[in-house]
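Here's the structure we're looking at; comments come further down.
The values are calculated or read from the model by the stated rules, or taken from the named source; none is laboratory data. For clarity, every value in this text was computed on a predicted model and none was experimentally measured. Virtual Cβ from ideal backbone geometry, glycine too; neighbours counted across all protein chains shown. Side chains included, ligands, DNA and RNA excluded: accessible areas come from the protein's heavy atoms. Shrake-Rupley method; radii C 1.70, N 1.55, O 1.52, S 1.80 Å.
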Amino acid sequence: RGSVTDCSWIAQRLSGDGLPIIIDGGMGTELEKSGVPMDGKVWSARAMLSHPEMVRGVHERYIQAGAEAIITNTFSSARHMLEPGGLGLEVRNINLKAVELACEARNTAAKSPVALVGSICEWAHDEHPTWNSPEVVGRAAAEQAEILAEAGVDILAVEMCERVELSDVVTEAVMSIGLPVWLGVSARRHRDQDHLSAFGYPERDFEELVRAISKFSVDLISVMHTPVSDVPGAIEVVRNYWKGPVGVYPESGEFMMPNWDFVDVIEPSVLAENAVTWAEDGIRLIGGCCGLGPAHIRACRDALTQHDST
């Protein structure tokens, strides 16, 4: 199986050889559950400065639960998020620290190879154009991608794509680094709608987003941060435009910035049943996003391993 830092197996597994790759669950929501306060502007990014040992601990629990890929706590730590949150001088420090904590967790907890995935997102909490324009968000993504690559991530993940004009510039910036790139699209069927929209934007059509970003020759497109009930429809849309490997890591609960409401969170056993169905359907990466923790990842790993052996 090689050393814990060996990532030569990833491309083979994505191409359909063996079980789907097991990725971790939510980081910010797991920190919140552990008592780490979330920030009204930068959500979980401040935890790298205030509670680094808790961030490391969450990574360790996911690895112990069976995650073969862990996502750095950098979802909300690009400059366009940190500057309006008063942390503009800490961009480099926070991103380096996030990768360092993930590395330490891998060294401590992993018994087989674990990939480090650097999270980058277009999400801008501050609606002011100073922080929300394609130029600014694209520049912030380019800067963050360089720091994460320098710090030693194996893969860069563009997560929660929702707005075509931002997803475009962020993906372009991230692809220029030269590391494998995973894209994550987020959908939901909003109230009174009969079609899927972008997760946080009822007025934005999910299909339009997928059509636009499926032009990028990335390594994987995942349906992520999407309610479990909307995953099948989202997979169908993705497959209409994208012929490469598809992943799934859904969310469960509701977000009221900056806190997660753990309401009606899917049981680990039910998520695991869904995971087996997705695997049978050819999904190549499975895990969780906000609201889902180590128990969900362990249940998915156990169910997929058991299903594979029958």
Of the residues GLY40, GLY88, which is at pLDDT below 95, of a type outside the set (A, V, I, L, M, F, W, C) and at negative phi?
GLY40
Taking GLY152 as meeting all but one of (1) out of contact with any Gly (no Cβ under 8 Å at 6 or more places or on another chain); (2) surrounded by 19 or more Cβ atoms within 10 Å (Cβ to Cβ); (3) small (Gly, Ala, Ser), write down the number of the exception.
(2)
Residue identified as assigned to a helix (DSSP H, G or I) and open to solvent by 10 Å² or more (accessible area, probe 1.4 Å) among GLU203, GLU208:
GLU208
Does VAL263 satisfy the condition of being among the β-branched types (Val, Ile, Thr) and within 29 Å of LYS41 (Cβ to Cβ)?
yes
Restricting to region 162-197, and then to whatever is under 16 Å from the mean Cα position of the chain (by Cα) and part of a strand (DSSP E or B), can you tell me which residue is surrounded by the fewest Cβ atoms within 10 Å (Cβ to Cβ)?
VAL181
Quick one: which of LEU82, LEU148 is more than 18 Å from the chain's Cα centre (by Cα) and in contact (Cβ under 8 Å) with a residue 40 or more places away in the chain?
LEU82
Which of the strands (runs of 3 or more DSSP E) found entirely inside region 217-299 contain at least 1 residues meeting this: open to solvent by 30 Å² or more (accessible area, probe 1.4 Å) and in contact with a helix residue (DSSP H, G or I) (Cβ under 7 Å, 6 or more places away or on another chain)?
259-261
